[in-house]
1. Does residue 48 count as buried (at least 17 other Cβ atoms within 10 Å of the Cβ), of a type in the set (Phe, Trp, Tyr) and part of a helix (DSSP H, G or I)?
2. Go through the range 100-115 and count every residue that is closer than 23 Å to residue 27 by Cα and either open to solvent by less than 50 Å² (accessible area, probe 1.4 Å) or modelled with pLDDT of 80 or more (or both).
3. Restricting attention to the range 9-30, which residues are surrounded by 12 or more Cβ atoms within 10 Å (Cβ to Cβ) and under 18 Å from residue 52 (Cβ atoms)?
4. Identify, from the list 80, 53, the residue that is of a type in the set (Ser, Thr, Tyr) and under 23 Å from residue 7 (Cβ atoms).
5. Can you name every residue in the range 67-79 that is over 15 Å from residue 37 (Cα atoms), assigned to a helix (DSSP H, G or I) and not aliphatic (A, V, I, L, M)?
6. Against the condition assigned to a helix (DSSP H, G or I), over 16 Å from residue 97 (Cβ atoms), without any contact (Cβ under 8 Å) to a residue 60 or more places away in the chain and open to solvent by less than 80 Å² (accessible area, probe 1.4 Å), how does residue 82 come out, does it pass?
7. In the range 34-44, which residues are open to solvent by less than 80 Å² (accessible area, probe 1.4 Å) and outside any loop (DSSP other than H, G, I, E, B)?
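The values are calculated or read from the model by the stated rules, or taken from the named source; none is laboratory data. Note that this is a predicted model, so its numbers are computed, not measured. Glycine gets a Cβ as well: all are built from the backbone with ideal geometry, and neighbour counts include every protein chain shown. Calculation scope for accessible area: heavy atoms of the full protein, side chains included, ligands and nucleic acids excluded. Shrake-Rupley method; radii C 1.70, N 1.55, O 1.52, S 1.80 Å.
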Amino acid sequence: TTRKFFSLSLLPKKLRYFYKYFITVLEKGTQKEQFACLESLSEDSGLFPLIPYIVIYINKIFTTKNQNMLKLKLGIRILYVLIWKNFYKIQPFIHQIFPVLINCIIGEKFSGIKEDEQLLKYFSVK
């Protein structure tokens, strides 16, 4: 049997909606929409309850077998926004974030163009 480690049903309806919208826009939206979502995540303190769910989403991106370089970059961008603007809020989740960052910096399991790998490592270090 598989366990569900988190449930969106624990969030208020508006936050569930924003989480689903956030993930949809980040995966399929335009660059302008993605920027607006990331900015909203970094600026709006009312979205703090979403952070554990977003960290789990990022971990899923980095632990899947078929990794897409665009999704990996997206995961790093999300982490960058969360850490840069909200470090004090993200501290309880740092133990879930460090393995992702370390894997980006020294891991060799990324497939794709070497330039993309170097860019991913650069943003992970930053």
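1. Values: buried (at least 17 other Cβ atoms within 10 Å of the Cβ): no; of a type in the set (Phe, Trp, Tyr): yes; part of a helix (DSSP H, G or I): yes.
No; evaluated as a whole, the condition is false for this residue.
2. Looking only at that region, the number is 5.
3. The answer is 11, 15, 16, 17, 18, 19, 21, 22, 23, 26.
4. Values: 80 fails: under 23 Å from residue 7 (Cβ atoms).
Within the list 80, 53, the selection yields 53.
5. Hits for the range 67-79 are 71, 73.
6. Numbers: assigned to a helix (DSSP H, G or I): yes; over 16 Å from residue 97 (Cβ atoms): no; without any contact (Cβ under 8 Å) to a residue 60 or more places away in the chain: yes; open to solvent by less than 80 Å² (accessible area, probe 1.4 Å): yes.
When the stated conditions are applied, residue 82 does not pass them.
7. Start the filter on the range 34-44 by keeping residues that are open to solvent by less than 80 Å² (accessible area, probe 1.4 Å), which leaves 34, 36-38, 40-42, 44.
Passing the criteria: 34, 36, 37, 38, 40, 41, 42.
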